[in-house]
Structure formats: C-alpha cells, structure tokens
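Notes for the one structure printed next.
The values are calculated or read from the model by the stated rules, or taken from the named source; none is laboratory data. Since the structure is predicted, the reported quantities are computational estimates derived from the model, not experimental observations. Note: ideal-geometry Cβ built from the backbone for every residue, glycine included; neighbour counts use all protein chains shown. Ligands, DNA and RNA are stripped out before the accessible areas are found, and what is left, the full protein with its side chains, is counted by its heavy atoms. Shrake-Rupley method; radii C 1.70, N 1.55, O 1.52, S 1.80 Å.
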Amino acid sequence: INDLSSGSGNRPPKLMEMQEYNQWQKKFKIHLEGMGLEGTEAWQMIAKGYVAPILENTGEPIPLESLADDEKKKFVVEKKAFSQLTQAITNDLLHQFGACTTSKQLWDMLKNRHDGNEKTRTLRKEELRKEFEHFSYIGNETLKELVPRYNHLLTELANYDINIPMNFLVDKFADALL
C-alpha cells in the first residue's frame, strides 16, 4: 500500500484531511524544494504570488505569445506550482477551493481553512494547553506508544506557538511515566 501522505519521486505528498495540514505543509515545501531550482522557484511563487500582466486598455490578461521571456517564465513557474499543489490535495478538498486560480490563493485558502479565525485558534491553544496539563500514561500503553504520543503533542504545541519551558516538558514526561 502506498502512503500517499509522504509522496514519492515527482508526486507531491497528499493532504488527505485538513487535520493533517501542519505536517503536510512542511512535507509539501520540502518536496518542492527537493526538486531543485525549478521546485524552489515554484515554492517562491506559492509564497509570494503571481499576478498575470494585463493589457492597460482592456484589463484583459496579455496573451502568452505576447509576453516577454521573463514573464513567460513566471507564467510557466506559476502553472507548475499550481499543478503540484492541486495534485497534492484530494479531489474532495480541491472541490472546496474551486474558485482559486493561483497557487498562492489556493495555499492561503488551505492555511486559512486549517487555522480558522482568531477565536478558533485561541480555543485550539487552550485545548492543547489542557491536553499538556493532563498528559499521562494511558492504561496498558507501552513506552513505545507513549513517546510518539507525547512528541505529537509537543509538535502541535509548537505549531500553535505555545512555548513551554524545557524543565516543564521534562517534568511532564517524567510524571507520565509514573
């Protein structure tokens, strides 16, 4: 069985569900940058955005054949970035963002969908703090199961910019072992 979430070769890692966004977006950036200069340019296009040159008198996009070489290159990089990004999300998710026409629009919409508004971010932070406070050994859990669960929580805390001093992190883990 292929693990689509990690990607392979030229295929980008797949975002299967929005809950996986934090890990996926890191893998996606690494995937693009691992494609060499072309991938790095695609990542820059996603991060900074693309604005198609328009005709002054009509406001219509300038036809591809009339673009200067540097603008043609930007156009091609944008199309590759958009292609990689659309291939990296499921059809169900892509359908929800059908109005997006550039890679940056799609990237920003995915991020906004995951992050929510300030109120939802605040609630999630409170939830994560409580989860940390109450973290403990569960039933017949082995150390091999406890460690990844704790590391996952620490990653989530970091993703939401929740900084907990190292001595508290160590103490919490030690307490969980008791």
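Could you please let me know if GLN96 is modelled with pLDDT under 95 and within 14 Å of the chain's Cα centre (by Cα)? The answer is no for GLN96.
Please give the helices (runs of 4 or more DSSP H) falling wholly within segment 51-152 in which 3 or more residues are open to solvent by less than 90 Å² (accessible area, probe 1.4 Å) and closer than 30 Å to ALA174 by Cβ. Walk me through it before giving the result.
Details: elements: 69-87, 91-96, 103-115, 118-133.
By residue number, 118-133.
Screening the candidates LYS111, LYS104, LYS130 for the property of being of a type in the set (Lys, Arg) and more than 17 Å from the chain's Cα centre (by Cα) yields one hit, LYS130.
Condition first: touching a strand residue (DSSP E or B) at 6+ places or on another chain (Cβ under 9 Å) and either assigned to a helix (DSSP H, G or I) or in contact (Cβ under 8 Å) with a residue 60 or more places away in the chain (or both). Can you find one or more residues in segment 156-167 that meet it? Within segment 156-167 (the criterion being touching a strand residue (DSSP E or B) at 6+ places or on another chain (Cβ under 9 Å) and either assigned to a helix (DSSP H, G or I) or in contact (Cβ under 8 Å) with a residue 60 or more places away in the chain (or both)), the answer is no, since none of the residues qualifies.
Within segment 70-85, residues that are in contact (Cβ under 8 Å) with a residue 60 or more places away in the chain reach partners that are part of a helix (DSSP H, G or I) and among the aliphatic types (A, V, I, L, M) with beta carbons closer than 7 Å, at six or more positions or on different chains, in the pairs GLN84/LEU32; GLN84/ALA42; LEU85/ILE46; LEU85/LEU106.
Assigned to a loop (DSSP other than H, G, I, E, B), open to solvent by less than 30 Å² (accessible area, probe 1.4 Å) and under 17 Å from LYS79 (Cβ atoms) - does that describe any residue in segment 10-18? Within segment 10-18, one or more residues are assigned to a loop (DSSP other than H, G, I, E, B), open to solvent by less than 30 Å² (accessible area, probe 1.4 Å) and under 17 Å from LYS79 (Cβ atoms).
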